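The values are calculated or read from the model by the stated rules, or taken from the named source; none is laboratory data. Computed from a prediction, not measured in an experiment: that's the story for all the values here. In this analysis, Cβ positions are derived from the backbone assuming ideal geometry, glycine residues included, and neighbour counts consider all displayed protein chains. Accessible surface areas use protein heavy atoms only, side chains included; no ligands, DNA or RNA. Shrake-Rupley method; radii C 1.70, N 1.55, O 1.52, S 1.80 Å.
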Amino acid sequence: LSILHPRRELAGKRLLVTAAGTREPIDPVRYLGNRSSGKMGYALAQAAAARGAEVILISGPSGLPVPPGITIKRVETAAEMHNAVLADFDAVDIVIKAAAVADYRPELAAEQKIKKTGDTLTLSLVKNPDILYDLGQRKKRQLLIGFAAETEGLIEHAQEKLRKKNLDMIVANDVTLPGAGFNLDTNIVKLVHRNGMVEALPLQSKQQVAEIILDKICAMLTNST
Ligand code: CTP
Ligand code: CA
């Protein structure tokens, strides 16, 4: 690792990554979830640690091995992730929000297992807080990197999220492409920058995508000092 990154260019920097999906309880045995595996976020955490960063990984449920040398904080729901991220935000220099946060949660988690008494079942959902939006409102010196998972209008939607959430860069992910997105070892992404520049990356491993994202972050840090 020291051969790959002889300068350890993230030494002295604190980087927070969120990874995997959240689970929103329906009753004691069921939850609302999504297909995120955590692979992209864990690859980012590992690659940042290899560059010398002090890494905090805030992870939804995931069976992936925790890379050595990083601090992991496990959460389950979007509300728990929200609290964990806000607790550390002021102390970090860089945040990468790779987690797939549930947009809605059941309004009430039933205390007992829901029995199959009716022919249909309607769940009432309420909106979760947008963690990244809150960080964008609070940010001072931090670099804020988001992800956008889209099935259409990739660049337009990603640019809108970058603006609305006050991000420094957004990683736009067309999850309909073969080789991109949830639970794969590869990804195909476009990096959308604040100045409107869009860089399309070829299909490659999530480790390689992580290295390129960190290259961009290192360049942004250099330009801002
Ligand atoms: N995000 C977040 N908190 C939420 C929802 C999303 O922090 N409650 C973050 C994700 O971690 C990601 C970015 O916002 O970095 C974009 O997530 P995405 O689901 O693509 O966008 P949304 O803003 O949720 O909009 P929509 O799902 O309607 O496209
Ligand atoms: Ca969403």
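Probing with 1.4 Å while keeping every protein chain in the model, the per residue accessible area of region 133-189 equals 49 Å². Accessible surface ranking for E76, E199, E152, 1.4 angstrom probe, highest first: E152, E76, E199. If R0 equals 25 Å, the separation of the Cβ atoms of K115 and L64 corresponds to a calculated FRET efficiency of about 0.10.
Here's the picture: charge each Lys and Arg Cβ at +1 and each Asp and Glu Cβ at -1 in region 26-170, and of Q137, A109, G52 the one pushed furthest to the positive end of that dipole is G52.
For the residue pairs K140/K206; K73/K206; K116/K164, the C-alpha atoms sit more than 32 angstrom apart in K116/K164. Taking amide H atoms as placed 1.01 Å from N in the peptide plane, the amide H of F147 lies under 5 Å from those of K97, V171, each 5 or more residues away in sequence or on another chain. In the chain, the DSSP-assigned H stretches of four residues or longer account for a calculated mean residue ellipticity at 222 nm of -8500 deg cm²/dmol, using -39500 (n - 2.57) per stretch and the full residue count as denominator.
Find the relative contact order for region 88-146 and round it to a whole percent, using C-alpha pairs within less than 8 Å whose residues are 6+ positions apart. In percent, rounded to a whole number, it is 54.
Placing +1 on the Cβ of every Lys and Arg and -1 on the Cβ of every Asp and Glu, with nothing else charged, gives the chain a dipole about its Cα centre of roughly 400 debye.
To the nearest ten degrees, helix 206-224 and the longest principal axis of the Cα atoms of the chain are 60 degrees apart. Taking amide H positions as modeled 1.01 Å from N, with prolines and chain starts lacking one, the residues under 5 Å from Y31 and 5 or more places away or on another chain are I26.
Rounded to the nearest 20, the Cβ-based charge dipole of region 73-117 about its Cα centre (Lys and Arg +1, Asp and Glu -1) stands at 440 debye. Of the solvent-accessible surface of the chain, computed with a 1.4 Å probe over protein heavy atoms with every protein chain present, carbon and sulfur atoms account for 51 percent.
Once divided by 2.2 N^0.38 Å, the Cα radius of gyration of region 1-154 becomes 1.18.
Sequence-distant contacts, meaning Cα pairs under 8 Å at least 6 residues apart, place the relative contact order of the chain at 19 percent. Along its principal axes, region 93-152 has C-alpha extents of 53, 30, 15 angstrom, given from the largest down. Charge tally around D130: other residues with Cβ under 12 Å, Lys/Arg +1 each, Asp/Glu -1 each, net +3.
Charged side chains reduced to their Cβ positions (Lys and Arg at +1, Asp and Glu at -1) give region 68-164 a dipole of some 220 debye around its Cα centre. The simple spin-label model puts a point 7 Å past each Cα toward its Cβ; for L108 and D27 those points are separated by 1.4 nm.
Between the helical axis of 39-50 and the longest alpha-carbon principal axis of the chain there is an angle of about 30 degrees. Note on L203/R141: beta-carbon distance plugged into 1/(1 + (r/R0)^6) with R0 of 35 Å gives a FRET efficiency of 0.50.
F182 contributes an accessible area of around 90 Å² to the protein surface, as traced by a 1.4 Å probe with all chains present.
Using the Karplus relation 6.51 cos²θ - 1.76 cosθ + 1.60 with θ = phi - 60°, the per-residue 3J(HN,Hα) values for region 152-163 come to 7, x, 3, 5, 4, 5, 5, 5, 5, 5, 4, 5 Hz, with x marking Gly and Pro. Per residue, the convex hull spanned by the Cα atoms of region 129-225 amounts to 100 cubic angstrom. Database remark: amide H of T186 closer than 5 angstrom to the amide H of K206 (H placed geometrically; neighbours at sequence offset of 5 or more, or on other chains; Pro and chain starts carry no H).
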